[in-house]
(Lines give C-alpha, C1' and ligand atoms only; values in the text may rest on other atoms or scores of the structure.)
Protein backbone atom coordinates (compact mmCIF):
# COMPACT_ATOMS: atom_id res chain seq x y z
CA UNK A 1 0.00 0.00 0.00
CA UNK A 2 1.39 3.41 -0.96
CA UNK A 3 2.03 6.14 1.60
CA UNK A 4 -0.56 8.92 1.59
CA UNK A 5 0.96 12.33 2.27
CA UNK A 6 -0.47 15.82 2.52
CA UNK A 7 1.92 18.64 1.68
CA UNK A 8 0.86 22.07 2.94
CA UNK A 9 2.63 24.49 0.62
CA UNK A 10 4.38 22.23 -1.84
CA UNK A 11 5.54 24.72 -4.47
CA UNK A 12 8.55 26.24 -2.72
CA UNK A 13 12.26 25.87 -3.29
CA UNK A 14 12.59 22.66 -1.26
CA UNK A 15 9.04 21.39 -1.13
CA UNK A 16 8.56 21.14 -4.91
CA UNK A 17 11.47 18.72 -5.18
CA UNK A 18 9.98 16.68 -2.33
CA UNK A 19 6.58 16.54 -4.03
CA UNK A 20 8.26 15.36 -7.24
CA UNK A 21 10.26 12.69 -5.40
CA UNK A 22 7.20 11.46 -3.50
CA UNK A 23 5.30 11.09 -6.78
CA UNK A 24 8.30 9.33 -8.37
CA UNK A 25 8.26 6.85 -5.49
CA UNK A 26 4.57 6.11 -6.07
CA UNK A 27 3.17 7.86 -3.02
CA UNK A 28 -0.40 9.16 -2.92
CA UNK A 29 0.29 12.91 -2.84
CA UNK A 30 -2.09 15.76 -2.02
CA UNK A 31 -0.99 19.41 -1.99
CA UNK A 32 -2.95 22.01 -0.06
CA UNK A 33 -2.20 25.66 -0.75
CA UNK A 34 -3.80 28.87 -1.92
CA UNK A 35 -3.51 27.86 -5.58
CA UNK A 36 -0.41 29.90 -6.41
CA UNK A 37 2.32 27.88 -8.12
CA UNK A 38 4.65 30.61 -9.39
CA UNK A 39 7.68 29.27 -11.25
CA UNK A 40 7.35 25.71 -9.97
CA UNK A 41 4.63 23.54 -11.45
CA UNK A 42 3.34 20.47 -9.64
CA UNK A 43 3.93 17.15 -11.43
CA UNK A 44 1.10 15.07 -12.88
CA UNK A 45 -0.56 12.73 -10.43
CA UNK A 46 -0.88 15.21 -7.56
CA UNK A 47 -4.29 15.91 -6.03
CA UNK A 48 -4.72 19.58 -5.18
CA UNK A 49 -6.81 21.21 -2.49
CA UNK A 50 -7.25 24.98 -2.36
CA UNK A 51 -7.42 26.54 1.10
CA UNK A 52 -5.52 28.96 3.30
CA UNK A 53 -3.84 27.04 6.12
CA UNK A 54 -4.14 30.16 8.29
CA UNK A 55 -7.92 29.60 8.24
CA UNK A 56 -8.37 26.33 10.18
CA UNK A 57 -12.06 26.02 9.42
CA UNK A 58 -11.41 26.44 5.70
CA UNK A 59 -8.85 23.62 5.93
CA UNK A 60 -11.30 21.37 7.77
CA UNK A 61 -13.98 22.09 5.16
CA UNK A 62 -11.55 21.46 2.28
CA UNK A 63 -10.17 18.18 3.66
CA UNK A 64 -13.40 16.76 4.99
CA UNK A 65 -12.81 13.42 6.70
CA UNK A 66 -9.58 12.64 4.87
CA UNK A 67 -6.73 11.09 6.86
CA UNK A 68 -3.07 10.72 5.89
CA UNK A 69 -0.06 8.63 6.72
CA UNK A 70 2.00 11.85 6.83
CA UNK A 71 1.31 15.57 6.88
CA UNK A 72 4.06 18.08 6.09
CA UNK A 73 3.66 21.80 6.65
CA UNK A 74 6.31 23.79 4.75
CA UNK A 75 5.12 27.23 5.83
CA UNK A 76 5.14 27.17 9.64
CA UNK A 77 7.48 29.62 11.37
CA UNK A 78 5.93 30.42 14.78
CA UNK A 79 4.62 28.43 17.76
CA UNK A 80 1.11 29.75 17.17
CA UNK A 81 1.11 28.19 13.70
CA UNK A 82 2.37 24.87 15.06
CA UNK A 83 -0.26 24.88 17.82
CA UNK A 84 -2.91 25.41 15.14
CA UNK A 85 -1.61 22.37 13.24
CA UNK A 86 -1.56 20.18 16.34
CA UNK A 87 -5.23 21.01 16.85
CA UNK A 88 -5.97 20.44 13.13
CA UNK A 89 -4.19 17.14 12.58
CA UNK A 90 -4.25 15.28 15.90
CA UNK A 91 -6.03 12.01 15.16
CA UNK A 92 -5.98 12.39 11.38
CA UNK A 93 -2.35 11.69 10.52
CA UNK A 94 0.11 8.96 11.43
CA UNK A 95 3.03 11.40 11.24
CA UNK A 96 3.40 15.17 11.31
CA UNK A 97 6.65 16.58 9.91
CA UNK A 98 7.75 20.06 10.97
CA UNK A 99 10.29 21.86 8.81
CA UNK A 100 12.66 23.51 11.25
CA UNK A 101 16.13 24.84 10.37
CA UNK A 102 19.73 23.83 10.99
CA UNK A 103 20.28 27.45 12.01
CA UNK A 104 18.55 26.46 15.24
CA UNK A 105 21.69 24.62 16.29
CA UNK A 106 24.16 26.21 18.69
CA UNK A 107 25.62 29.25 16.93
CA UNK A 108 28.55 29.29 16.66
CA UNK A 109 28.85 25.52 17.16
CA UNK A 110 31.19 24.39 19.93
CA UNK A 111 32.34 21.45 17.83
CA UNK A 112 32.03 19.99 14.36
CA UNK A 113 30.50 18.07 12.77
CA UNK A 114 27.06 19.03 13.99
CA UNK A 115 24.85 16.11 15.00
CA UNK A 116 21.21 16.01 16.04
CA UNK A 117 22.34 16.10 19.67
CA UNK A 118 24.08 19.46 19.21
CA UNK A 119 22.28 21.95 21.50
CA UNK A 120 19.71 24.31 20.03
CA UNK A 121 20.74 27.89 20.73
CA UNK A 122 20.91 30.89 18.45
CA UNK A 123 21.18 34.26 20.21
CA UNK A 124 21.58 36.19 16.94
CA UNK A 125 18.57 35.42 14.74
CA UNK A 126 14.89 35.64 15.68
CA UNK A 127 13.93 33.30 12.83
CA UNK A 128 16.01 30.55 14.45
CA UNK A 129 14.69 31.22 17.94
CA UNK A 130 11.13 30.91 16.63
CA UNK A 131 11.99 27.56 15.04
CA UNK A 132 13.43 26.37 18.37
CA UNK A 133 10.22 27.38 20.14
CA UNK A 134 8.18 25.47 17.55
CA UNK A 135 10.30 22.38 18.12
CA UNK A 136 9.84 22.61 21.90
CA UNK A 137 6.08 22.77 21.45
CA UNK A 138 6.11 19.65 19.27
CA UNK A 139 8.38 17.73 21.62
CA UNK A 140 5.96 18.47 24.46
CA UNK A 141 2.99 17.41 22.31
CA UNK A 142 4.73 14.13 21.44
CA UNK A 143 5.74 13.47 25.04
CA UNK A 144 2.45 14.43 26.68
CA UNK A 145 -0.18 13.54 24.06
CA UNK A 146 1.53 11.13 21.62
CA UNK A 147 1.29 13.65 18.80
CA UNK A 148 3.33 11.88 16.08
CA UNK A 149 5.88 14.59 15.35
CA UNK A 150 9.07 14.33 13.29
CA UNK A 151 11.37 17.36 13.14
CA UNK A 152 13.39 18.09 10.00
CA UNK A 153 16.26 20.59 9.98
CA UNK A 154 17.37 21.62 6.49
CA UNK A 155 20.51 23.67 6.13
CA UNK A 156 21.27 25.81 3.06
CA UNK A 157 19.15 24.05 0.43
CA UNK A 158 18.78 25.45 -3.08
CA UNK A 159 17.16 24.74 -6.41
CA UNK A 160 17.86 26.16 -9.85
CA UNK A 161 16.17 29.47 -8.95
CA UNK A 162 18.32 30.32 -5.92
CA UNK A 163 21.69 32.02 -5.66
CA UNK A 164 23.52 31.12 -2.43
CA UNK A 165 24.62 34.50 -1.13
CA UNK A 166 22.99 37.63 0.23
CA UNK A 167 22.37 40.08 -2.57
CA UNK A 168 21.27 37.45 -5.06
CA UNK A 169 21.43 38.58 -8.68
CA UNK A 170 23.06 41.86 -7.67
CA UNK A 171 26.23 39.88 -6.95
CA UNK A 172 26.22 38.18 -10.36
CA UNK A 173 25.50 41.49 -12.07
CA UNK A 174 28.52 43.02 -10.33
CA UNK A 175 30.72 40.07 -11.28
CA UNK A 176 29.77 40.35 -14.95
CA UNK A 177 30.46 44.09 -14.88
CA UNK A 178 33.89 43.53 -13.34
CA UNK A 179 32.91 45.17 -10.05
CA UNK A 180 34.10 43.82 -6.67
CA UNK A 181 31.74 41.61 -4.68
CA UNK A 182 31.53 41.33 -0.91
CA UNK A 183 32.43 38.08 0.88
CA UNK A 184 31.91 37.95 4.63
CA UNK A 185 34.88 37.25 6.86
CA UNK A 186 37.96 35.93 5.12
CA UNK A 187 35.93 33.57 2.94
CA UNK A 188 37.52 30.43 4.37
CA UNK A 189 34.70 29.23 6.64
CA UNK A 190 33.11 25.97 5.51
CA UNK A 191 29.51 25.98 4.39
CA UNK A 192 27.33 22.96 3.67
CA UNK A 193 25.14 23.54 0.62
CA UNK A 194 22.57 21.01 -0.59
CA UNK A 195 20.58 20.66 -3.80
CA UNK A 196 16.85 20.31 -3.13
CA UNK A 197 16.55 17.17 -5.24
CA UNK A 198 19.20 15.50 -3.05
CA UNK A 199 17.43 16.67 0.12
CA UNK A 200 14.20 15.24 -1.30
CA UNK A 201 15.60 11.69 -1.36
CA UNK A 202 16.42 11.77 2.34
CA UNK A 203 13.22 13.56 3.29
CA UNK A 204 10.84 11.39 1.31
CA UNK A 205 12.46 8.28 2.77
CA UNK A 206 11.23 9.37 6.21
CA UNK A 207 7.58 9.76 5.19
CA UNK A 208 5.35 7.23 6.87
CA UNK A 209 8.30 5.69 8.69
CA UNK A 210 7.37 4.84 12.29
CA UNK A 211 11.00 4.85 13.43
CA UNK A 212 11.19 8.57 12.57
CA UNK A 213 8.37 9.58 14.92
CA UNK A 214 9.53 11.47 17.99
CA UNK A 215 12.89 12.10 16.34
CA UNK A 216 14.73 15.03 14.77
CA UNK A 217 16.88 14.81 11.64
CA UNK A 218 18.97 17.19 9.67
CA UNK A 219 19.21 16.40 5.98
CA UNK A 220 22.16 17.98 4.19
CA UNK A 221 24.77 17.24 1.61
CA UNK A 222 28.22 16.07 2.63
CA UNK A 223 30.03 18.75 0.59
CA UNK A 224 31.18 21.83 2.52
CA UNK A 225 33.08 24.25 0.26
CA UNK A 226 34.49 27.51 1.55
CA UNK A 227 32.63 30.71 0.79
CA UNK A 228 35.48 31.74 -1.50
CA UNK A 229 34.91 28.54 -3.47
CA UNK A 230 31.15 29.12 -3.58
CA UNK A 231 31.61 32.61 -5.02
CA UNK A 232 34.13 31.33 -7.55
CA UNK A 233 31.85 28.46 -8.64
CA UNK A 234 29.11 31.01 -9.33
CA UNK A 235 31.56 33.28 -11.16
CA UNK A 236 32.73 30.38 -13.31
CA UNK A 237 29.12 29.48 -14.14
CA UNK A 238 28.49 33.15 -15.01
CA UNK A 239 31.46 33.22 -17.38
CA UNK A 240 33.64 35.37 -15.13
CA UNK A 241 37.24 34.14 -14.96
CA UNK A 242 38.68 36.14 -12.07
CA UNK A 243 36.07 37.74 -9.80
CA UNK A 244 37.30 40.41 -7.39
CA UNK A 245 36.37 39.18 -3.92
CA UNK A 246 36.52 41.81 -1.18
CA UNK A 247 36.51 40.35 2.31
CA UNK A 248 34.57 42.30 4.93
CA UNK A 249 34.16 41.38 8.62
CA UNK A 250 30.68 40.06 9.34
CA UNK A 251 30.31 42.53 12.21
CA UNK A 252 30.98 45.38 9.79
CA UNK A 253 28.36 44.09 7.38
CA UNK A 254 25.89 43.82 10.26
CA UNK A 255 26.64 47.40 11.28
CA UNK A 256 25.96 48.56 7.73
CA UNK A 257 22.82 46.46 7.17
CA UNK A 258 21.03 44.84 10.11
CA UNK A 259 19.01 42.38 8.00
CA UNK A 260 22.03 41.15 6.08
CA UNK A 261 23.98 40.95 9.32
CA UNK A 262 21.34 38.87 11.15
CA UNK A 263 21.62 36.07 8.62
CA UNK A 264 25.41 36.21 8.78
CA UNK A 265 25.93 36.36 12.55
CA UNK A 266 23.06 33.93 13.13
CA UNK A 267 24.04 31.49 10.41
CA UNK A 268 26.41 31.95 7.47
CA UNK A 269 29.41 33.49 9.24
CA UNK A 270 30.23 30.23 11.03
CA UNK A 271 31.55 26.99 9.57
CA UNK A 272 28.77 24.39 9.46
CA UNK A 273 29.54 20.77 8.68
CA UNK A 274 27.02 18.02 9.43
CA UNK A 275 27.10 14.34 10.30
CA UNK A 276 24.23 12.74 8.37
CA UNK A 277 24.59 9.26 9.86
CA UNK A 278 21.17 9.37 11.52
CA UNK A 279 19.11 9.97 8.38
CA UNK A 280 21.30 7.62 6.33
CA UNK A 281 20.61 4.82 8.82
CA UNK A 282 16.87 5.04 8.03
CA UNK A 283 17.22 6.09 4.37
CA UNK A 284 20.29 4.28 2.99
CA UNK A 285 19.75 5.61 -0.52
CA UNK A 286 20.28 9.18 0.66
CA UNK A 287 23.72 10.51 -0.14
CA UNK A 288 24.73 7.85 -2.66
CA UNK A 289 24.65 10.37 -5.48
CA UNK A 290 24.55 14.09 -4.73
CA UNK A 291 25.09 17.26 -6.74
CA UNK A 292 28.43 19.03 -6.21
CA UNK A 293 27.93 22.78 -6.04
CA UNK A 294 30.22 23.37 -9.00
CA UNK A 295 27.57 21.66 -11.13
CA UNK A 296 24.63 23.08 -9.18
CA UNK A 297 25.87 26.62 -9.81
CA UNK A 298 25.79 25.96 -13.55
CA UNK A 299 22.14 24.90 -13.29
CA UNK A 300 21.31 28.09 -11.39
CA UNK A 301 23.03 30.40 -13.87
CA UNK A 302 21.49 28.57 -16.81
CA UNK A 303 18.06 29.14 -15.25
CA UNK A 304 18.70 32.85 -14.71
CA UNK A 305 20.07 33.29 -18.22
CA UNK A 306 16.91 31.62 -19.55
CA UNK A 307 14.72 33.91 -17.38
CA UNK A 308 16.00 37.46 -17.87
CA UNK A 309 12.94 38.82 -16.08
CA UNK A 310 14.52 37.54 -12.85
CA UNK A 311 17.84 39.26 -13.45
CA UNK A 312 17.03 42.16 -11.16
CA UNK A 313 19.84 44.02 -9.42
CA UNK A 314 18.91 45.96 -6.31
CA UNK A 315 20.18 49.54 -6.41
CA UNK A 316 20.46 49.92 -2.62
CA UNK A 317 22.38 46.67 -2.24
CA UNK A 318 24.62 47.62 -5.14
CA UNK A 319 25.40 50.98 -3.55
CA UNK A 320 26.08 49.36 -0.16
CA UNK A 321 28.50 46.92 -1.78
CA UNK A 322 30.25 49.86 -3.47
CA UNK A 323 30.72 51.53 -0.09
CA UNK A 324 31.98 48.37 1.60
CA UNK A 325 34.33 47.60 -1.27
CA UNK A 326 35.73 51.13 -1.20
CA UNK A 327 36.49 50.81 2.49
CA UNK A 328 37.79 47.22 2.64
CA UNK A 329 39.36 46.50 -0.75
CA UNK A 330 43.16 46.01 -0.43
CA UNK A 331 45.14 49.08 -1.39
CA UNK A 332 48.12 48.68 -3.74
CA UNK A 333 51.48 49.09 -2.01
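Data for the structure
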| quantity | calculated |
| --- | --- |
| Unmet criterion (only one of (1) touching a strand residue (DSSP E or B) at 6+ places or on another chain (Cβ under 9 Å); (2) buried (at least 18 other Cβ atoms within 10 Å of the Cβ); (3) touching a residue at least 40 places away in the same chain (Cβ under 8 Å); (4) part of a loop (DSSP other than H, G, I, E, B)) for residue 124 | (1) |
| Residue list for the range 49-58, filter: surrounded by 13 or more Cβ atoms within 10 Å (Cβ to Cβ) and under 15 Å from residue 74 (Cβ atoms) | 49, 51, 52, 53 |
| Unique match (being surrounded by fewer than 23 Cβ atoms within 10 Å (Cβ to Cβ), in a loop (DSSP other than H, G, I, E, B) and at pLDDT 95 or above) among 26, 38, 12 | 26 |
| Among (1) at pLDDT 95 or above; (2) in a loop (DSSP other than H, G, I, E, B); (3) on the phi < 0 side of the Ramachandran plot, the one test that residue 201 misses | (2) |
| Scan of the range 287-298 for residues that are at pLDDT 95 or above and buried (at least 16 other Cβ atoms within 10 Å of the Cβ), ordered by number | 293, 294, 296, 297, 298 |
| Selection count where residues are under 17 Å from the mean Cα position of the chain (by Cα), assigned to a strand (DSSP E or B) and surrounded by fewer than 21 Cβ atoms within 10 Å (Cβ to Cβ), scope the range 233-284 | 0 |
| Criterion (touching a residue at least 12 places away in the same chain (Cβ under 8 Å), part of a loop (DSSP other than H, G, I, E, B) and in the same structural domain as residue 11 (by TED's automatic domain parsing)) met by exactly one of 49, 31, 53 | 53 |
| Exclusive hit being touching a residue at least 24 places away in the same chain (Cβ under 8 Å) and surrounded by 23 or more Cβ atoms within 10 Å (Cβ to Cβ), set 165, 203 | 203 |
| Residue among 214, 187 that alone is under 22 Å from the mean Cα position of the chain (by Cα), in the same structural domain as residue 323 (by TED's automatic domain parsing), surrounded by fewer than 23 Cβ atoms within 10 Å (Cβ to Cβ) and touching a residue at least 24 places away in the same chain (Cβ under 8 Å) | 187 |
| Residue among 85, 61 that alone is surrounded by 12 or more Cβ atoms within 10 Å (Cβ to Cβ), in the same structural domain as residue 16 (by TED's automatic domain parsing) and not in a strand (DSSP E or B) | 85 |
| When residues of the range 299-333 are limited to those that are assigned to a loop (DSSP other than H, G, I, E, B) and under 23 Å from residue 230 (Cα atoms), the one modelled with the lowest pLDDT | 330 |
| The range 217-228: number of residues that are farther than 11 Å from residue 102 by Cα and either buried (at least 20 other Cβ atoms within 10 Å of the Cβ) or in contact (Cβ under 8 Å) with a residue 60 or more places away in the chain (or both) | 6 |
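The values are calculated or read from the model by the stated rules, or taken from the named source; none is laboratory data. Owing to the predicted nature of the structure, the values given are computational and were not obtained by experimental measurement. Every residue, glycine among them, receives a Cβ derived from its backbone with ideal geometry; neighbour counts consider all protein chains shown.
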